[in-house]
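Participant: Sending over a structure as structure tokens; questions will come in a sec.
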Amino acid sequence: MIEGDLKSCDNKRKLDSKKKPSKRPRIKESTDIEEERLTAFQLKYLKGATLVLEFLEEKYIRYYIPKDSIIEYVEEKNEYIISWITVHNERDISRFSKKLKKPFDKEIYFVRGCPSPLYSTVTVVIADIPKRFSPIVLNSTNKLEDVQRYMAQILATGARLSGYNLWYQLDGYDDADLAEHYRVEANEYENRIRGKRAKRASSVNS
């Protein structure tokens, strides 16, 4: 009986020795940490950046997200819900502002006698943007209180047009190349501006 127990113990040791060692938790490498950080160039756009959309089918047309938008970030899905109001009769309102000799801005909607705005509400969902760009996206619009006041005035005095749905799906890999293209263009543009400023400064000093 004891001999049988010893054999079973010996066999158990052999089986335990054949077991694969448990995997250690993966430690983030320096490259992973760098990818989660914004570059010095990107940090310049933490506030007030303009978000531009370009579709591969029509590269010569670009669309920008209005500054008077409300952006909600859904962390569980890594989605940004962006909502704004589009006014379709801005030409009429612009003519009204010219008659009053006032600048055409969102404050004109609060002036008595301004044409009733004809508007549509727009909501866009953008997903799978790298999380490091979250502060740039969330800080790209005007102050929430000002946007809510602007929207409330249009909703109270305007007329909503019939709605429709428009759906787009963007390819993440293609968009990554497009973003890199814009980054290089912006960097080159900034370098050109620096060169012009340096020339002006040298001419003034001379």
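Participant: Provide THR50, THR141, THR86 in ascending order of the number of other Cβ atoms located within 10 Å of each residue's Cβ, fewest first. Could you put the intermediate results ahead of the total?
Facilitator: Working: THR50 10, THR141 21, THR86 14.
So the residues, fewest neighbours to most, are THR50, THR86, THR141.
Participant: Something else: In whole Å, how far is the Cα centre of the range 115-167 from that of the range 65-103?
Facilitator: Using only Cα atoms to place each centre, the spacing works out to 6 Å.
Participant: So how much slack lies between LYS47 and SER134, counting 0.36 nm per residue of separation and subtracting their Cα-Cα distance, in nm? Before the final figure, lay out the partial values.
Facilitator: Details: separation 87, 0.36 × 87 = 31.32 nm, distance 1.13 nm.
So the extension gain works out to 30.2 nm.
Participant: Tell me which residues come under 5 Å, amide H to amide H, from GLU79 once H is placed; ignore anything under 5 positions away on its chain.
Facilitator: Excluding prolines and chain starts, which carry no amide H, the hits are VAL74.
Participant: Would you mind ranking ARG183, ARG62 so that the residue whose beta carbon has the fewest other beta carbons within 10 Å leads the list?
Facilitator: Numbers: ARG183 13, ARG62 10.
Ascending Cβ contact count within 10 Å gives the list ARG62, ARG183.
Participant: Further, regarding this structure: About its Cα centre, how strong a charge dipole does the range 78-166 have in debye, to the nearest 20, once Lys and Arg get +1 and Asp and Glu get -1 at the Cβ? The partial results should precede the final answer.
Facilitator: Numbers: 13 positive and 8 negative charges, 96 e Å.
My answer is approximately 460 debye.
Participant: On a full-extension model of 0.36 nm per residue, what is the gain between ALA156 and PHE55, subtracting their alpha-carbon distance, rounded to one decimal in nm? Numbers along the way, then the final one.
Facilitator: On the way: separation 101, 0.36 × 101 = 36.36 nm, distance 3.44 nm.
Value of the extension gain: 32.9 nm.
Participant: Please report the net charge: other residues with Cβ closer than 14 Å to the Cβ of LYS47, K and R +1, D and E -1.
Facilitator: Details: positive: LYS44, LYS67, LYS143; negative: none.
Here the count lands on +3.
We did not get these values from a lab; they are worked out from the coordinates using the rules stated. Everything quoted here is computed from the prediction, not taken from an experiment. Quick reminder, even Gly has a Cβ in these numbers, built from the backbone with ideal geometry, and neighbours come from all protein chains shown.
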